[in-house]
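Visitor: Sharing a structure, written as structure tokens. Questions coming.
The values are calculated or read from the model by the stated rules, or taken from the named source; none is laboratory data. Here the structure is a predicted model, which means the values were calculated and not measured. When we count neighbours, we look across all protein chains shown, and the Cβ atoms used for this are built from the backbone with ideal geometry, even at glycine.
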Amino acid sequence: MAGRERHTGRWLVIDTATRHLHSFRPKLVHTPRVVERLREAGREGGFGADYAAEVSATLERYARQYRAETAPYSPHPDRCLCHACLAGEPGAGAG
């Protein structure tokens, strides 16, 4: 996963369990270091928007399923942008 560090805003790449993540949102990135990492991984052209949206939805579904099985009453983070919270589904983000 590539993303921005919370306090410094610098880019980083980490491996983390999907269950710890909320709100998968693919974004178009032009940052030279990210483009370089994609090139190193053999994905010079990046990923298509449809593919990225499909992967994001799949990861969100897996994470939601895992959280429901292991910690059904665990709260979502503040200002959670997962589908359940945005859609106002019952129990979404409840602690």
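Visitor: List the pairs whose first member sits in region 56-80 and is farther than 23 Å from Lys27 by Cβ, whose second member is assigned to a loop (DSSP other than H, G, I, E, B) and among the aliphatic types (A, V, I, L, M), and whose Cβ atoms are under 9 Å apart, counting only residues at least 6 apart or on separate chains?
Guide: Within 9 Å, the pairs are Tyr66/Ala17; Tyr73/Ala94; Pro75/Ala94.
Visitor: Working carefully through the options Glu54, Glu44, find the one that is of a type in the set (Asp, Glu), at pLDDT 75 or above, at negative phi and in a loop (DSSP other than H, G, I, E, B).
Guide: Glu44
Visitor: Could you give every pair whose Cβ atoms fall below 7 Å, whose first residue belongs to region 26-42 and is touching a residue at least 24 places away in the same chain (Cβ under 8 Å), and whose second residue is of a type in the set (Phe, Trp, Tyr), counting only separations of at least 6 or pairs across chains?
Guide: Val34/Trp11
Visitor: Among the listed residues Glu54, Glu40, Glu44, Glu60, identify the single one that is charged (D, E, K, R), surrounded by 13 or more Cβ atoms within 10 Å (Cβ to Cβ) and over 23 Å from Asp78 (Cα atoms).
Guide: Answer to the check: Glu54.
Visitor: Shifting gears a bit: Can you tell me which residue within region 6-28, out of those that are modelled with pLDDT under 75 and in a loop (DSSP other than H, G, I, E, B), is nearest to the chain's Cα centre (by Cα)?
Guide: Ranking the qualifying residues of region 6-28, first place goes to Phe24.
Visitor: Out of the residues in region 3-61 that are touching a helix residue (DSSP H, G or I) at 6+ places or on another chain (Cβ under 7 Å) and of a type in the set (Asp, Glu), which is farthest from Ala84 (Cα to Cα)?
Guide: Ranking the candidates gives Glu44 first.
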